[in-house]
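Single-structure report; data block below.
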Amino acid sequence: MTGEIMALFACADCKAEFTECPDCVCTIRIDPLTGLPPDVIRVDGRAVYNPDFDPEALHRSVKSPVCDACVKVRNTLIREGVSEPQLLKQGIFTLATDRHQTAHL
């Protein structure tokens, strides 16, 4: 990895700091007003899919980095059939480290 640019990020999910290539980091859309994906609401402390989400929440949402550890957890949940918000239900996410090896080597 000599000479490669790396950046320090805070994971949108677990809040842990991690270093990754800015071009390869995994991201999800987060509404800055709620700190959640646009189609998620909190019910009794749990994140729950909201099918009637506000389109403005999607419009104001921003791409936020997610660490590979959280991506691995999400991928495991998808394989196990656990339902999740539809905006995030786009299949298995490729880990940033895998994308980096493909794109930069």
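The values are calculated or read from the model by the stated rules, or taken from the named source; none is laboratory data. As the structure is a computational prediction, the values presented were derived from the model and not from experiment. All Cβ positions, glycine included, derive from the backbone under ideal geometry; neighbour counts span all protein chains shown. Calculation scope for accessible area: heavy atoms of the full protein, side chains included, ligands and nucleic acids excluded. Shrake-Rupley method; radii C 1.70, N 1.55, O 1.52, S 1.80 Å.
When the helix-only estimate is applied to the chain (DSSP H runs of n ≥ 4, each -39,500 (n - 2.57), divided by the residue count), what is the mean residue ellipticity at 222 nm, nearest 500 deg cm²/dmol?
-7500 deg cm²/dmol, from helical runs alone.
At 0.36 nm per residue, and after removing the present C-alpha to C-alpha distance, how many nm does the segment from Arg79 to Ala47 gain when stretched out fully? Present the calculation step by step, with values, prior to reporting the outcome.
Numbers: separation 32, 0.36 × 32 = 11.52 nm, distance 1.93 nm.
This chain segment gains 9.6 nm when fully extended.
Quick check: residue separation of Ala16 and Ala103 times 0.36 nm, minus the Cα distance between them. What number comes out in nm?
Between Ala16 and Ala103, full extension yields an extra 28.8 nm.
Taking the solvent-accessible surface of protein heavy atoms with a 1.4 Å probe, what is the per residue accessible area of segment 7-104 in Å²?
62
Return the long-range amide H neighbours of Asp13 (sequence gap of 5 or more, or a different chain), with a cut-off of under 5 Å between placed amide H atoms.
Cys67
Once you charge only the Cβ atoms, +1 for Lys and Arg and -1 for Asp and Glu, what is the size of the charge dipole of segment 1-56 about its Cα centre, to the nearest 20 debye?
The dipole of segment 1-56 has a size of about 180 debye.
Quick one: net charge of Leu58's neighbours, Cβ under 10 Å, K/R +1, D/E -1? Don't skip to the answer; put the middle values down first.
Working: positive: Arg29, Arg60; negative: Asp31, Asp39, Asp54, Glu56.
The answer is -2.
Suppose every Lys and Arg Cβ carries +1 and every Asp and Glu Cβ carries -1, with no other charges. What dipole size does the chain come out with about its Cα centre, to the nearest 20 debye?
120
Among (i) 45, 29, 26; (ii) 74, 24, 16; (iii) 47, 30, 22, find the value of Cα extents along the principal axes in Å that was calculated from the structure presented, and write down its label.
It is the value labelled (iii).
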